[in-house]
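See structure below.
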Amino acid sequence: MEALTVNPTRLSAPMGAMLAFLGVKHCMPLIHGAQGCASFSKVFFTRHFHDPIPVQTTALSDISAVLGGGDEIVTEAIGNILAKVTPDLVGLISTGLTETKGDDLRSIAAALTQKSVWVSTPDYIGGLQSGWAAATEALITQLVQPCMSVTQKVAILPHASMTPIEVEDLKALVESFGFEAVALPDLSESMDGHLGEKQATMTQGGVSIQAISQLGESCAVVAIGRSMLSAARLLAAKNPAMKTIALDHIGGLGATDRLIGELMALSSDDRSDRAVPASVKRWRARLQDMLLDSHFTLGKARIVLALEADQAVSIAALLSEAGAKCTLITPTDEGGYEKSSLSPFRVGDLWDVEQIKEPWDLIICGSHGEALAHRMGRKHLEMGFPQWERLGGQLESAQLYHGSARFLATVANKIAH
Amino acid sequence: MLTAPKELLNESACDHHTNKKTACNRPTPGATTGGCAFEGAQISLFPYAEAAHIVHGPITCLGASWETRATPTSFSGRDLTQVGLTTAISENDVIFGGEKRLSASIDEAMHTFNPKAIFIYSTCVTALIGDDIDAICREKAQQYGLPIVPVHAPGFIGSKNFGSRLAGEAVLEHLIGTLEPESTAPYEINLIGEYNVTGDMWRYLPVLEKIGIKVRATLSGDGRIDAIRTAHRAGLNVIVCAQSLVTLTRKMQERYGIPWVSVSFYGQRDTSEAIRTIVRAFGDAALIDRAEAVITEEEAKLSKQLEPIRTRLAGKKAVLNTGGNKAWSFASALQDIGLKVVATAVGKSTEADRAKAREYLGEEGVLMTKPAVEQPKVIADTQADILLAGGRSLYTALKKKIAFVDVNQEKKVSYGGYDGLVAFGEDVIAALDNPVFKVANREAPWRH
Ligand code: SF4
């Protein structure tokens, strides 16, 4: 296929931006476009997280779609939102339609009295992780105050596919070294699937805009995934004393070792191992053991990973440590992994998975992998987006020592049985 | 097409039009839920499993929406309903036009899937940049000698309902009447707006067949392209819970003299009523007699199956909060399984729907116009046992410590026809019996 995309795993950049705004406290994402984009995205994430999702749309209809610069309709939309809820922030998200007709969200946002952050995400460019990254960059550029001195704060920039629990675990790890951890965006308290006090009409948990504005005082920024690299640079530019720790991923023993090394170096306890909590050491030993236990099964396994690039690279690194042969097919590759990847890597859709000549045993990807695996008589492990058929995805981890250990067991069991 | 055709907007069969000012007009920015016209078109046409459905637009429109609808088919080839095809246009296409990519995409779909027809869906961006989809479809249809149907329902043109109406237009203009059937039977119907979600229509088709009614074509549940092309030879159009397709059936009446009726196969009362409506439209005394015999037989059979369910649900009271015509059609199904429906929501219903809801619930039934606000009080006042509503109302049920059924939850089994009621009843009982609604809301130990 040259022109046609068949069975895409790619999701749109506005969806990624919307997901990022769901990780900001008391936020209402507002998609500037016709009503379908917000509706599809809402349904998609509701089914994925099994929880209600707040989002609104400017609902362009034929006349307003062609005429006008969009400022009136955005103002009208915000007025109607404020009639019902009082968000701390409105996340203004553009779409292909409003970009094509040339609406200038920057000046529209500047004229608003409601606190807002705008992000440009024409859906004919990029995908979920780039839209997420663009929204994070917008939050940094438009909200973070420049600063000259640093505190014990560490800013964490997770990529779009990190689950709420993965974000929470990383925050806890950083905190166990004596730092204060702030994640941007932070899905760990908003999309972690908790029963709140009442029905949410906007995001309840997440990072507050107050906390975002003070991120400039972080002594370091830890960015996970190449899609978050430019966000890390933008944040570091707010404070010359801020250290940048940019990691492709934190999946598996080697990558987690690197992160721990960085955190040790950052902590005042220099390189002495006193800085490392006992439970972290314990989990490292468990991961070592699990690598050895699972290598009989995984060493002969051939696994296809059809996930967002940042996540695919993380899972591939982990599974490769136990000898699995991975093939990565990702919806986009803004980070340029294709050139550096040790495993076969290409940008493509699930049609490309069907065309793989070499035999394989298991595909790890979202719900759409199920029908494909069934048709081809292979196994499927549901991960990434979407997870419509599987419960509890937001509570699972495949990174750091403990998440890696558990995930190796999950994959080995799946292949063996 | 940047503006909606006037004629379609002014369609008199649109119930909303005379009663509510906004329903068919511009959606409210910042206070809109519900899908776009493209989604409506997709819902209406995707069930044709032997046709390729190419979405011409950026990744948004298809990326989040393919493989989302369970509309099973008996088609033995690869089910193209579940294959996501899109041109996923790039920035370059936006600048230089997406026509080249679209034509190449049609070629690739042709060679790879060998479909019976191809539907091309325009979407917001491709409509705005003015790609000439009609010309490409015409040219490719000639080249391949099969129907290639342009569907002009870009999202900004209107709501889901309007899109489904536009899909009906496309089928009327490009498919219906383009093929003559080899043979016809006396009592043939077209099922319009039945998408066979979770196999709904397979529940009631055997009953229709027993009476001697055959389905010539569907739009579009378990549908076949060749069949819909011969739809102009059917004796009756049967609209199944889809007011948006009235335009289509009205035009078919004008063009081909086919009368139409509108029915629902939800619950015993509606199913029997639907059968009677259909046979009466044919007006044949023998057919009507046969139908009555079959209805009596089916109702007796169902009544036996429902007996334990009705016994179990006797005296239980339900509050229903769902929109539109479901306000009464759902209520009717609940009554069939033995529940007393003490309240239903009519906030978004038309006048006709409200009247029907009143008829079904009786004088003391509560018609809630602001269900979100009224619900808790109504539950308390009526001492209801179960709330059937969208997910948003879960908290109300938890607070009131009563059972909850999410009516928007994708159902895995069909509730359609006569025996669908048994499945429905079992689900309602499962909810009533489940301790989870009390357990999940236990007071935390540190709150005592
Ligand atoms: S509103 Fe337009 S761009 Fe959005 S999903 Fe619908 S057709 Fe596609």
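Values in this text are rule-based calculations from the coordinates and carry no lab data. Quick caveat: nothing in here was measured; it's all calculated off a predicted structure. Here Cβ is always computed from backbone atoms with ideal geometry, including for glycine, and neighbour counts include all displayed protein chains.
Can you list the HN-Hα couplings for region B:43-56, worked out from phi with the Karplus curve (6.51, -1.76, 1.60; θ = phi - 60°), rounded to whole Hz and with x for Gly and Pro?
So the J values, rounded to whole Hz, are 4, 6, 10, 3, x, 5, 6, 9, 9, 8, 10, 9, 8, 8.
For chain A, give the magnitude of the charge dipole about the Cα centre (Cβ charges: +1 Lys/Arg, -1 Asp/Glu; no others), in debye to the nearest 20.
Charge dipole, chain A, about its Cα centre: 740 debye, nearest 20.
What is the set of long-range amide H partners of residue B:368 at a cut-off below 5 Å, with H atoms built 1.01 Å from backbone N?
It is B:344, B:345, B:346, by chain and number.
What is the ratio of the Cα radius of gyration of the protein assembly as shown to 2.2 N^0.38 Å, where N is its residue count, to two decimals? The partial results should precede the final answer.
Numbers: Rg = 28.2 Å, N = 865, 2.2 N^0.38 = 28.7 Å.
Scaled against compact globular proteins, the figure is 0.98.
Please order A:97, A:298, A:67 by the number of other Cβ within 10 Å, starting at the fewest. Intermediate results must be reported in sequence, preceding the final value.
Working: A:97 28, A:298 23, A:67 9.
Going from least to most buried by this count: A:67, A:298, A:97.
State the three equivalent ellipsoid semi-axes of region B:188-298, derived from the C-alpha gyration tensor as the square roots of 5 times its eigenvalues, in descending order and whole Å.
21, 16, 13
May I ask you to derive the relative contact order of region B:6-174, considering only C-alpha pairs under 8 Å and at least 6 residues apart, and to give it as an integer percent? Write down the numbers at each step before the final one.
Values: 256 pairs, mean separation 53.5, N = 169.
After rounding, I find 32 percent.
Just counting partner chain Cβ atoms within 10 Å, what average do the residues of peptide A:95-104 show around their Cβ? Mind dumping the intermediate values first?
Numbers: counts 5, 14, 11, 3, 4, 9, 4, 0, 0, 0.
Taking the mean over all residues of the peptide, I get 5.
I want to make sure I understand the PRE zone here: with the label point 7 angstrom from the Cα of residue B:184 toward its beta carbon, which residues in region B:239-260 have backbone N atoms less than 20 Å away?
B:239, B:248-260
Residue by residue through B:52-60, how many Cβ atoms from other chains fall within 10 Å of the Cβ on average?
Neighbouring Cβ atoms belonging to other protein chains average 6 per residue here.
Per the helix-only calculation at 222 nm, which mean residue ellipticity applies to chain B, given -39500 (n - 2.57) for every DSSP H run of n ≥ 4 and division by its residues, nearest 500 deg cm²/dmol?
-13500 deg cm²/dmol
Can you list residues from other chains, or at least 5 along the same chain, whose modelled amide H is less than 5 Å from the amide H of residue A:327?
Under 5 Å from the amide H of residue A:327: A:303, A:304, A:305.
Apply 1/(1 + (r/R0)^6) to the Cβ-Cβ distance of residue B:261 and residue B:399, taking R0 = 51 Å, and write down the FRET efficiency to the nearest 0.05.
0.70
Using amide H atoms built 1.01 Å from N in the peptide plane, name the residues 5+ places from residue B:219, or on other chains, whose amide H lies under 5 Å from its own.
B:191, B:192, B:193, B:194
Quick check: the distance between the Cα centres of region A:288-321 and region B:56-80, to the nearest angstrom?
Measuring centre to centre over Cα atoms gives 31 Å.
Tell me, what is the percent relative contact order of chain A, built from C-alpha pairs under 8 Å that lie six or more residues apart?
18 percent.
As a test of the definition: which semi-axes, in Å, follow for chain B when you take the square root of five times each eigenvalue of its alpha carbon gyration tensor? Largest first, please.
On the way: eigenvalues 300, 162, 80 Å².
Semi-axes, largest first: 39, 28, 20 Å.
Within 13 Å, Cβ to Cβ, of residue A:337, how many net charges do the neighbouring residues add up to if Lys/Arg are +1 and Asp/Glu are -1? Please report the intermediate quantities before stating the final value.
Details: positive: A:226, A:339, A:346; negative: A:248, A:308, A:310, A:333, A:334, A:338.
Within the 13 Å Cβ shell, the charges total -3.
Percent relative contact order of chain B, based on C-alpha pairs within less than 8 angstrom and at least six residues apart?
13 percent
Please give me, ordered by residue number, the trypsin sites (Lys or Arg not before Pro) of region B:356-430 that lie in loop per DSSP and have at most 13 other Cβ atoms within 10 Å.
Sparse-neighbourhood loop trypsin sites (Lys or Arg not before Pro): B:401, B:412.
Report Rg/Rh for chain A, rounded to two decimals, where Rg is the Cα radius of gyration and Rh the Kirkwood radius.
Answer for chain A: 0.97.
Would you mind working out the magnitude of the charge dipole of the protein assembly as shown relative to its Cα centre, with +1 at each Lys and Arg C-beta and -1 at each Asp and Glu C-beta, to the nearest 20 Debye?
1460 debye
Each label point is 7 Å from the Cα along the Cα-to-Cβ direction; what then is the distance between the points at residue B:173 and residue B:104, in nm?
2.8 nm
Find how much the distance from residue B:289 to residue B:392 grows on full extension, using 0.36 nm per residue of separation minus their present alpha carbon separation; answer in nm with one decimal.
Gain in length upon complete extension: 32.4 nm.
Just in region B:386-448: which chymotrypsin sites (Phe, Trp or Tyr not before Pro) are loop by DSSP and have at most 12 other Cβ atoms within 10 Å?
Taking region B:386-448 and a limit of 12 other Cβ atoms within 10 Å, no loop chymotrypsin sites (Phe, Trp or Tyr not before Pro) are found.
How do A:356, A:250, B:189 line up, fewest other C-beta atoms within 10 Å first? Kindly include the intermediate steps, with their values, before the conclusion.
Details: A:356 17, A:250 29, B:189 24.
In increasing order of surrounding Cβ atoms, one gets A:356, B:189, A:250.
Considering the zone a paramagnetic label at residue A:113 would reach in this model (a point 7 Å from Cα along the Cα-to-Cβ line), which residues of region A:55-79 have amide N under 19 Å from it?
A:71-79
How about region B:330-427: which GluC sites (Glu not before Pro) there lie in a loop by DSSP and see at most 10 other Cβ atoms within 10 Å?
B:363, B:364
Is there a simple number for the mean count of other chain Cβ atoms within 10 Å of the Cβ of residues in B:103-110, and what is it?
Mean inter-chain Cβ contacts per residue within 10 Å come to 3.
Please give the per residue volume of the convex hull enclosing the alpha carbon atoms of region B:306-440, rounded to a whole number of Å³.
Hull volume normalised by residue count: 103 Å³.
How far is the Cα center of region B:263-316 from the Cα center of region A:68-104, in Å?
About 50 Å separates the Cα centre of region B:263-316 from the one of region A:68-104.
What is the projected area of the convex hull of the Cα atoms of region B:6-174, averaged over all directions, in nm²?
Average of the hull's projected areas for region B:6-174 equals 10.7 nm².
Using a 7 Å offset from the Cα along the Cα-to-Cβ direction at both residue A:358 and residue A:395, what is the distance between the two label points in nm, to one decimal?
3.7 nm
Between beta-carbons, use under 9 Å as the cut-off and find the net charge around residue B:233, counting Lys and Arg +1, Asp and Glu -1.
-1
Residue by residue, what Karplus-based ³J(HN,Hα) values in Hz, rounded to whole numbers, does region B:236-246 have, using 6.51, -1.76 and 1.60 with θ = phi - 60° and x for Gly and Pro?
The phi angles translate into 7, 9, 10, 8, 9, 6, 8, 4, 5, 9, 4 Hz.
Which ³J(HN,Hα) values in Hz, rounded to whole numbers, follow from the phi angles of region B:335-341 under the Karplus curve 6.51 cos²θ - 1.76 cosθ + 1.60, where θ = phi - 60° and Gly and Pro get x?
My calculation for region B:335-341 gives 5, 4, 8, x, 7, 9, 8 Hz in order.
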